[in-house]
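The values are calculated or read from the model by the stated rules, or taken from the named source; none is laboratory data. Given the structure is predicted, the values throughout are model-derived calculations rather than measurements. Every residue, glycine among them, receives a Cβ derived from its backbone with ideal geometry; neighbour counts consider all protein chains shown.
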Amino acid sequence: MIIISGASKGIGKYLLDKFNNEGQKVIGLFNSTLPKTNTELFQHVNILEEDQIIKFVKDNLIQLKDIILINCAGTNYNSMSHKFDYNEWKKVFDVNTHGTFLLIKHLLPIMRDQKYGRIINFASVVPQIGTMGTAAYAGSKSALWGITKVIAKENASKGITINSLNLGYFNIGMISEVPENVLNSIIEMIPKKELGDPINILNAINFLINSDYITGTAIDINGGLF
Ligand SMILES: NC(=O)c1ccc[n+]([C@@H]2O[C@H](COP(=O)([O-])OP(=O)(O)OC[C@H]3O[C@@H](n4cnc5c(N)ncnc54)[C@H](OP(=O)(O)O)[C@@H]3O)[C@@H](O)[C@H]2O)c1
């Protein structure tokens, strides 16, 4: 069973539709937005609410076999560090780091019992290149590298792999909030001179699903940015 958090829109929705079209068993998690298509595939889970995650696991226990967890839910808030609103700072870490960890935590016991699991975390090129204004986003995403490494070691002997994708800038999802002039300068900065197509993300995920000896690491998908 493939579980995708942040499946209501953007990259998560793209992945859900692709896996569903391939005939794979998939559950998409949404928080605030239930998409208009494939509604039967979605369940509501706010990943900040541990009770909701526990209920999700309990309600779906029978169908949770051979779990592939794709942690796509994420959020962003930009500000220069000396002006950063602390509540916004905490929200970014809550979703990107704490919520991601909670989902992993509550699915790991099933994976360990079944001696199989694949976990794919969504990190970013931003902490690698140090984009100004992104201290919270960069901090929350780079935290996933450490979490990934530790969980990999804790579970390597249990048939579970966990890896991160360090994404550059894609032509889908949160990039739509970037003003046009900023977007143009981002594209200019990318050696490939274009935003990424999410098929590259799907290809990397399939590669990680099919690999039992790659764990605790990350794949850079960024058009040559880093
Ligand atoms: N797009 C890019 O170029 C890019 C680049 C680097 C990294 N990434 C990473 O890739 C992932 C997907 O990005 P995207 O561009 O597709 O983002 P997006 O379109 O903004 O979608 C974000 C998703 O996260 C979900 N989410 C947010 N808070 C949540 C919560 N508390 N509980 C459950 N779900 C929550 C949203 O669900 P609701 O709408 O239902 O609230 C939504 O489905 C993110 O982790 C992002 O950081 C994206």
Just need a number here: residues in segment 68-88 that are part of a loop (DSSP other than H, G, I, E, B) and either within 16 Å of the ligand (Cβ to nearest atom) or under 15 Å from the mean Cα position of the chain (by Cα) (or both). 7
Hey, can you tell me all the residues within segment 46-56 that are surrounded by 15 or more Cβ atoms within 10 Å (Cβ to Cβ), more than 6 Å from the ligand (Cβ to nearest atom) and of a type in the set (A, V, I, L, M, F, W, C)? I53, F56
For segment 89-182, list the helices (runs of 4 or more DSSP H) that sit wholly inside it and hold at least 1 residues that are touching a Pro at 6+ places or on another chain (Cβ under 9 Å); which are they? 135-155
Of the conditions (1) more than 20 Å from D51 (Cα to Cα); (2) more than 15 Å from the ligand (Cβ to nearest atom), the single one that L108 does not satisfy is (1)
Right, N155: more than 25 Å from F93 (Cβ to Cβ) and among the polar types (S, T, N, Q) or not? no
Close pairs (8 angstrom Cβ cut-off, 6 or more residues apart or separate chains): touching a residue at least 60 places away in the same chain (Cβ under 8 Å) in segment 43-64, more than 16 Å from the ligand (Cβ to nearest atom) anywhere: Q63/M1; Q63/K25; L64/M1; L64/I110
Residue tally, condition without any contact (Cβ under 8 Å) to a residue 40 or more places away in the chain and either buried (at least 22 other Cβ atoms within 10 Å of the Cβ) or more than 23 Å from G196 (Cβ to Cβ) (or both), over segment 106-136: 3
I'd like the residue in segment 8-37 that is under 22 Å from R118 (Cβ atoms) and polar (S, T, N, Q) and, out of all such residues, is nearest to the ligand (Cβ to nearest atom). S8
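Answer yes or no: is there a residue in segment 137-150 that is surrounded by 13 or more Cβ atoms within 10 Å (Cβ to Cβ) and either more than 21 Å from W89 (Cβ to Cβ) or modelled with pLDDT under 95 (or both).
Yes, segment 137-150 has at least one match.
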When E194 is run through (1) crowded, with 19+ Cβ neighbours inside 10 Å; (2) charged (D, E, K, R); (3) more than 15 Å from the chain's Cα centre (by Cα), the failure sits at (1)
Inspect segment 165-178 for any residue being away from the ligand (no atom under 13 Å from the Cβ), of a type in the set (D, E) and surrounded by fewer than 23 Cβ atoms within 10 Å (Cβ to Cβ) and give the result as yes or no. no
Among the residues in segment 209-222, are any of a type in the set (F, W, Y) and either surrounded by 17 or more Cβ atoms within 10 Å (Cβ to Cβ) or within 14 Å of the ligand (Cβ to nearest atom) (or both)? no
Over 22 Å from S140 (Cβ atoms) and touching a strand residue (DSSP E or B) at 6+ places or on another chain (Cβ under 6 Å): which single residue out of I68, I62 fits that description? I68
